[in-house]
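Everything below concerns the one structure shown next.
The values are calculated or read from the model by the stated rules, or taken from the named source; none is laboratory data. Just so we're clear, the structure is a prediction, and the values are computed from it rather than from any experiment. Cβ placement follows ideal geometry from the backbone for every residue including glycine, while neighbour counts extend to all protein chains displayed. These accessible areas exclude ligands, DNA and RNA; they are computed on the full protein's heavy atoms, side chains included. Shrake-Rupley method; radii C 1.70, N 1.55, O 1.52, S 1.80 Å.
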Amino acid sequence: MKQVKICVLEGDGIGPEIVKQAVKVLKSACNARGIELELTNALLGGAAIDAVGTPLPDATIEQCKKSDAVLLGAVGGPKWDSLPSEQRPEKGLLGIRSALGLYANLRPAAIFPALRSASPLKDDIIRDGIDILVVRELTGDVYFGKHARKQEDGYEIGYDIMQYSTYEVERIARTAFELARKRNRRVTSVDKANVLETSRVWRETVTRIAKEYPDVALSHMYVDNAAMQLVRNPAQFDVLVTGNIFGDILSDEASMISGSIGMLASASLGSGKLGLYEPIHGSAPDIAGKGLANPLATILSAAMMLRFSLDLPELADAIEKAVENTLDAARTADIQDPSLPVYTTEEMGSYVADQVGQLLNNNKD
Ligand code: NAD
């Protein structure tokens, strides 16, 4: 019997409510295929500050490292906003990504047919569907270069060093090409090589690594053009790979194409199988505890976990299909439709879990 070990970090605000639904769905999928699911809870963010005085306890890092994958809700909230930056919940989030060596952030931007009207883009632009995977380098670039200030001619100057080594670019390029092989075999690498030396190293390196993947088509695009193309003709993209700062901006732009923050999943991966899976939204303190949170982004993050860390693509497909079916039957408040019932967080999770069970049981040989 296959066994999978998942470390669960519920976090703060709506974190515990949405993670419970994703766990329910994972249990339903694993039960249907006789897979043993071992779940361990650990503390992160505000919950960890309250319990042990630090946003990222060592015990949490150890527990994550012992697991096959990590499922996270969200961290933060007004209760901890006045703490110094080193002690804030968000520090725990950056800390766990770096402690686990997660350098690739994956954000799918797709449109569920049932939610097409929620997209801010015109119907003729999204008519043929959109399915983009943004792969953002997460641990290098100007965010991790030297930050400093100096005085010159009586003025204060702030500067931040942008840099990429060939090693950092090689590994994220390979991640993108490998992912493209499981999709439509197209990679668009985004940089600013007409201006930046960092980008010229990036472009040369991606071009060199592309030779290892002759079955994947590579194209290059300047970041300003990519920002424009994402809203003009997003269907042209399959995998879009880029550095940390460009990826920060473009992944938010791409994800908004799908129209609702409660639907957007993400994965952070390193060189091994261990990955961290979380919705892209925050802890939504304004709706915490009210049963209003949409759990689908967390449930879709669990599907990514099954695909990328646990080698269970059949279960991932079933969850994605179950979410699609659920959207035809019911909605949470953030994506409500006058013709469909409005479900609570709990009801939505249970509906998806039932759908997953049915889909997998119907497909049994
Ligand atoms: P947020 O994403 O928490 O909320 C923005 C808006 O979207 C709110 O109106 C909220 O109610 C709504 N929303 C978010 N998720 C939803 C869901 N699943 N279903 C329905 N509605 C949803 O962003 P914010 O308000 O700027 O931040 C709140 C807290 O979350 C802050 O402490 C912030 O630092 C933290 N935060 C954490 C993460 C993370 O853990 N990865 C990311 C972003 C923000």
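Rundown of residues vs (1) charged (D, E, K, R); (2) within 14 Å of the ligand (Cβ to nearest atom); (3) free of Cβ contacts under 8 Å to residues at least 24 places away in the same chain; (4) part of a strand (DSSP E or B), yes/no style:
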{"site": "GLU38", "(1), (2), (3), (4)": "yes, no, no, yes"}
{"site": "ALA48", "(1), (2), (3), (4)": "no, yes, no, no"}
{"site": "SER98", "(1), (2), (3), (4)": "no, no, no, no"}
{"site": "ALA114", "(1), (2), (3), (4)": "no, no, no, no"}
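Pull up region 50-68, narrow it to residues that are β-branched (Val, Ile, Thr) and within 21 Å of THR139 (Cα to Cα), then point me to the one that is farthest from the ligand (Cβ to nearest atom). That would be ILE61.
Checked against (1) hydrophobic (A, V, I, L, M, F, W, C); (2) at pLDDT 95 or above; (3) more than 16 Å from the ligand (Cβ to nearest atom), LEU43 passes all but a single condition, namely (3). Filter region 69-85 down to residues that are in a loop (DSSP other than H, G, I, E, B) and not small (Gly, Ala, Ser) and give me whichever is farthest from the ligand (Cβ to nearest atom). Per the criteria, the residue is PRO84.
Looking across region 283-298 at every residue that is in contact with an Asp or Glu (Cβ under 9 Å, 6 or more places away or on another chain) and open to solvent by less than 40 Å² (accessible area, probe 1.4 Å), the one that is farthest from the ligand (Cβ to nearest atom) is identified as GLY291.
In this structure, is MET304 within 10 Å of the chain's Cα centre (by Cα) and either within 19 Å of ALA69 (Cβ to Cβ) or near the ligand (Cβ under 9 Å from one of its atoms) (or both)? Yes.
Residues in region 86-96 that are open to solvent by less than 50 Å² (accessible area, probe 1.4 Å) and more than 10 Å from the ligand (Cβ to nearest atom): GLY95, ILE96. Selection of region 301-318 for residues being free of Cβ contacts under 8 Å to residues at least 60 places away in the same chain and either buried (at least 21 other Cβ atoms within 10 Å of the Cβ) or touching a helix residue (DSSP H, G or I) at 6+ places or on another chain (Cβ under 7 Å) (or both) yields ALA303, ARG307, PRO313, ALA316. The residues of region 254-274 include none that are within 15 Å of the ligand (Cβ to nearest atom), more than 28 Å from SER117 (Cβ to Cβ) and not hydroxyl-bearing (Ser, Thr, Tyr).
The criterion of being open to solvent by 10 Å² or more (accessible area, probe 1.4 Å), touching a Ser or Thr at 6+ places or on another chain (Cβ under 8 Å), among the aromatic types (Phe, Trp, Tyr) and more than 14 Å from the ligand (Cβ to nearest atom) does not hold for TYR343.
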